[in-house]
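A quick write-up on the structure given underneath.
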Amino acid sequence: MAFKSHEVKKYNYSFDARAGGPGGIQIWGSAGVVATVYFVDDASPIPAPTLAADLNTCTAYFRRNALPGLIDMLRNESPVYVTINNQPPGFVFVKTGLEPAGEGEG
């Protein structure tokens, strides 16, 4: 199993008038874009991610209903990481670092 975690430094997102909703999110690490995230309809199957061989970049897909939670995490949590894992079938996840239990909202 090979994986690589990248600390998120910046992000940007867009809405696409042609699609009638979120266009995508770019998640940036210290070396540039780590992940490009696209959104699919909530009832649609989620396409498999595309992973670079060196695990430094990826394209991932989430359901549209995940957008608010993902933006909330990127906006309000620190640190946040993107982990790219090429263990079959390959996956990408966005996660926070360790947080103390019972910390609550600040």
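Things worth noting here:
- A residue that is aromatic (Phe, Trp, Tyr), at pLDDT below 95 and under 25 Å from Ala2 (Cβ atoms) cannot be found anywhere in the stretch 19-35.
- Leading residue by the ranking (farthest from Gly32 (Cα to Cα)) among those in the stretch 79-106 that are in contact with a strand residue (DSSP E or B) (Cβ under 8 Å, 6 or more places away or on another chain) and assigned to a loop (DSSP other than H, G, I, E, B): Gln87
- Matching residues, the stretch 9-22, being exposed (fewer than 14 other Cβ atoms within 10 Å of the Cβ) and touching a residue at least 12 places away in the same chain (Cβ under 8 Å): Lys10, Asn12, Gly21
- Test set (1) surrounded by fewer than 14 Cβ atoms within 10 Å (Cβ to Cβ); (2) part of a strand (DSSP E or B); (3) in contact (Cβ under 8 Å) with a residue 12 or more places away in the chain - Asp42 fails condition number: (2)
- For the stretch 61-71, the criterion of being part of a loop (DSSP other than H, G, I, E, B) and at pLDDT 95 or above is satisfied by no residue at all.
- Only a single item in (1) assigned to a loop (DSSP other than H, G, I, E, B); (2) of a type in the set (S, T, N, Q); (3) touching a Ser or Thr at 6+ places or on another chain (Cβ under 9 Å) is not met by Thr36, and it is number (1).
- Residue selected from the stretch 23-36 under the condition of a type in the set (A, V, I, L, M, F, W, C) and touching a residue at least 40 places away in the same chain (Cβ under 8 Å), by the criterion nearest to Gly69 (Cα to Cα): Ile25
The values are calculated or read from the model by the stated rules, or taken from the named source; none is laboratory data. Everything numeric in this text was worked out from a predicted model, so none of it was measured. Every residue, glycine as well, gets a Cβ built from its backbone with ideal geometry; the counts of neighbours run over all protein chains shown.
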